[in-house]
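Enquirer: Quick one: structure below, then a few questions.
The values are calculated or read from the model by the stated rules, or taken from the named source; none is laboratory data. Note that the structure is a prediction, hence the values are computed from the model and not measured. A quick note on method: Cβ atoms are made from the backbone with ideal geometry, for glycine too, and the neighbour counts reach across all protein chains shown. Protein only, heavy atoms only, side chains kept; ligands, DNA and RNA dropped before computing areas. Shrake-Rupley method; radii C 1.70, N 1.55, O 1.52, S 1.80 Å.
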Amino acid sequence: MTQSNIKIKSNSHTVKPNPQAWYRPMFSPEHGVYVMLFVSFVTGAALAQAWTFSTTLALICAFCGFQAEHPLVLQLKQRRSLKPRFVIWGSLYGSVSVAIAFWLYLTYPVLLWLYGGAIAALAIDAISVWRRKQKSIPNELITFAAVCLSAPMAYAATMGTISATAMGLWVLNTLYFSSTIFTVKLRKPKTSSIVPGIIYHAIATGIVATLYWLNYLPPIAALALGIALLKFALVAWQKQWYSTVKIQYVAMLESVTAFSFLLIVALSVLPSHLTTI
């Protein structure tokens, strides 16, 4: 037997690693949500004008809570078929998130209100997944609002209270990122009408203007919604290009505009220096 035959025989017995093995870590593939979570959290921390140990724990709690949702959704999609990998990693992420959330609650009871909102959103999302309506606009709006709760969570975990501006930032982040729902849907023939997007952005502008009038938002932070308006206008203008361009370029557009939004909002609430405790 020749050396080449030996190699072929050896390769034929090579066992490839199973990507579905229970011990392999699971991470959500929704990269846009990572950006949303990070941006929202940092805006809340910027408003607090400090970064403490509790702030770091809150970030870990929010991150693990988001990660727990992914295997939960996959398991629900399996219907009656139980997948150990989904259960194990969903339980692991969920346990870490709940443990940190409970510890933070003992120090800052005000966080309980935010936990209630996140749990309600998770329950609604689970029901929508079970009914195969997870991609509906109402469910996506609720999911985005839940992720953006990381803004007041960062503030509350740092300051021990929730301010009107912190809740204003939550609404602002939710409205800004929800704009993506209507731009991305323009890529699909069944949802390519720009009318829902125009209505949404008109309502969003009215809400942000009201928050500014009530002194819930600084003027520059309120103007940051203009990035979403400009982005939607650009996409609507170049609709044909946007509907056929590679998804990588869409992700790049969303990331650049999101971090521009973060920069404007953070600078509008930050002092000249950031305190670390």
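Enquirer: Just to be sure I understand, if you calculate volume of the Cα convex hull per residue in Å³ for this structure, which of (i) 152; (ii) 188; (iii) 140 do you get?
Expert: (ii)
Enquirer: By how many nm would the segment from Leu57 to Thr210 grow when fully extended, if each residue of separation counts as 0.36 nm and the alpha-carbon distance is taken off?
Expert: Computed gain between Leu57 and Thr210 is 51.8 nm.
Enquirer: In terms of solvent-accessible area of protein heavy atoms at a 1.4 angstrom probe, what is the ranking of Met252, Met26, highest value first?
Expert: Met252, Met26
Enquirer: Kirkwood Rh and Cα-based Rg: tell me the resulting Rg over Rh for region 165-254, rounded to two decimals.
Expert: That ratio equals 1.02.
Enquirer: If you stretched the chain out fully between Trp237 and Arg24, how much longer would it get, using 0.36 nm times the residue separation minus the C-alpha to C-alpha distance?
Expert: Extending this stretch completely gives an extra 72.3 nm.
Enquirer: Can you show me the helix-derived [θ] at 222 nm for the chain, built from DSSP H runs with n ≥ 4 at -39,500 (n - 2.57) apiece and divided by the number of residues, rounded to the nearest 500.
Expert: -24500 deg cm²/dmol
Enquirer: Heads up, I need the accessible area for Ile127: 1.4 angstrom probe, whole protein in place, Å², nearest 10.
Expert: Taking all protein chains as shown, Ile127 has close to 90 Å².
Enquirer: Another one. Rank Ala101, Phe144, Ala156 by how far each Cα sits towards the positive end of the charge dipole of the chain (+1 on Lys, Arg Cβ; -1 on Asp, Glu Cβ) and give me just the farthest.
Expert: In the chain, that residue is Phe144.
Enquirer: Of Ile264, Met36, Leu122, which is farthest towards the positive pole of region 31-269's charge dipole, taken about the Cα centre with +1 and -1 on the beta-carbons of Lys, Arg and Asp, Glu respectively?
Expert: Working it through, the farthest residue towards the positive pole turns out to be Leu122.
Enquirer: Follow-up question, since we're still on this one. Would you list Trp103, Trp170 from the most to the least accessible area, probe 1.4 Å?
Expert: Trp103, Trp170
Enquirer: Do the alpha carbons of any pairs in Lys83/Lys185; Lys135/Lys246; Lys83/Lys188; Lys135/Lys239; Lys77/Lys239; Lys83/Lys246 sit beyond 27 Å of each other, and which pairs?
Expert: Beyond 27 Å between Cα atoms: Lys83/Lys185; Lys83/Lys188; Lys77/Lys239; Lys83/Lys246.
Enquirer: Based on the Cβ-Cβ distance from Leu82 to Trp113, what FRET efficiency comes out when R0 is 41 Å, to the nearest 0.05?
Expert: 0.75
Enquirer: A further question on this structure: Suppose every K and R has +1 on its Cβ and every D and E has -1 on its Cβ; what is the size of the dipole of the chain about the Cα centre, in Debye to the nearest 20?
Expert: 1540 debye
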